[in-house]
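The values are calculated or read from the model by the stated rules, or taken from the named source; none is laboratory data. What you are looking at is a predicted structure, and each value in this text was computed from that prediction instead of being measured. The accessibility values were calculated without ligands, DNA or RNA, using every heavy atom of the protein model including side chains. Shrake-Rupley method; radii C 1.70, N 1.55, O 1.52, S 1.80 Å.
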Amino acid sequence: MVRVKNRYIVVRIAPKNTSLSSLYVKEQVLAKCILNHVEKYYGVYGVGLLEHGFRVKYCNDRTKIAILRCSHHSYKFVTSILPLMTSVGDVPAKFNTIYTGATIMQCNKFIIKHQQNFLDRMVGQVVSAKERQEMIKRVIEFDTS
Amino acid sequence: MNDYIYLDVELKLKEDSSAVLTPAYFQGSIERSLAEFFGEIGGQTELELLKFDCTQKRGILKVPKEFSSKTKAAITLIGRFQDIPCHFAIVKTSDKPLEL
């Protein structure tokens, strides 16, 4: 039995306006934006290869982290155009690939570790206890639907 | 040693009347097709038209070897030349230009 191999790409979306607390970007908008860029840089051939199996599995507005699923033979089309993308929907933003994994569980583990590191760095800077609680709640809020 | 491949390409138009055929238009249509099917990154190559015969609508192209399959695909998929239905036929391919 032949298994369908996938690759999961974890990207951090860094908006130009850093004060933005939430990205109001839907999963479909993000997927369409990436497919449009692949068409621009790799033509209809690239889109044809990528479309089979491409999906935005998870997109968190607050933490600005998304997981993209691609098939094993076409994930390089995505990873190579991500640095060239300058906006998502109407929001000017940069895309940083932070991890590429073969299973979504590995990506989850990585994101949790990544958030933990982020919390360790940030918690010390927040003065009031209430704000700190809020921030921890916001960052830890992570579910894979 | 020889990193290029030479293609003898013939353009076959449905009707001959209104088409303006120049070497630049001929090469342009192939380059446009490459950009459409393989995009800005995938479709970039050094494509050179060595010889062109307007009466026979036939030309000899020089492309890098590793890019020959993409070029052949793009040439085959062209369906229109200046809005006239057409097709391109690759008559012969060779490693050496003298063989064509």
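So how tilted is helix A:129-140 from the main axis of chain A? Cα-based, degrees 0 to 90, rounded to 10. It works out to around 20 degrees. Residue-normalised convex hull volume from the C-alpha trace of chain B: 89 Å³ per residue.
A 1.4 Å probe run over the stretch A:6-103, with the rest of the protein chains in place, finds 49 Å² accessible per residue. Leaving out ligands, DNA and RNA, what percent of the accessible area of the stretch B:14-99 is carbon and sulfur, probe 1.4 Å? The computed percentage sits at 51. Rg/Rh for chain A stands at 1.01; both radii use Cα atoms, and Rh follows the Kirkwood definition.
Surface composition of the stretch A:6-103: carbon and sulfur make up 51 percent of the accessible area, probe 1.4 Å. Dividing the alpha-carbon radius of gyration of the protein assembly as shown by the rule-of-thumb value 2.2 N^0.38 Å gives 1.40. Both chains summed, the buried accessible area for B and A stands near 600 Å², from protein heavy atoms and a 1.4 Å probe. Axis angle, to the nearest 10 degrees, between helix A:104-123 and the longest C-alpha principal axis of chain A: 30 degrees. Legend: residue pairs A:K64/A:K109; A:K5/A:K94; B:K14/B:K96; B:K70/B:K96; A:K16/A:K64; A:K40/B:K14, Cα-Cα distance threshold 24 Å; pairs beyond threshold, A:K5/A:K94; B:K14/B:K96; A:K40/B:K14. Compute the accessible area of each residue in the stretch A:9-40 twice, once for its chain alone and once with every protein chain present, using a 1.4 Å probe on heavy atoms, and list those whose area falls by at least 10 Å². With the partner chains in place, the stretch A:9-40 has these residues losing at least 10 Å²: A:K40.
Listed by chain and number, the aspartates and glutamates placed with their C-alpha closer than 19 angstrom to that of B:K92 are B:D3, B:D8, B:E10, B:E48, B:D53, B:E66; residues fewer than eight positions away on the same chain are left out.
For the stretch A:45-50, 3J(HN,Hα) computed residue by residue from phi via the Karplus equation (6.51, -1.76, 1.60; θ = phi - 60°) reads 5, x, 5, x, 5, 6 Hz, glycine and proline entered as x.
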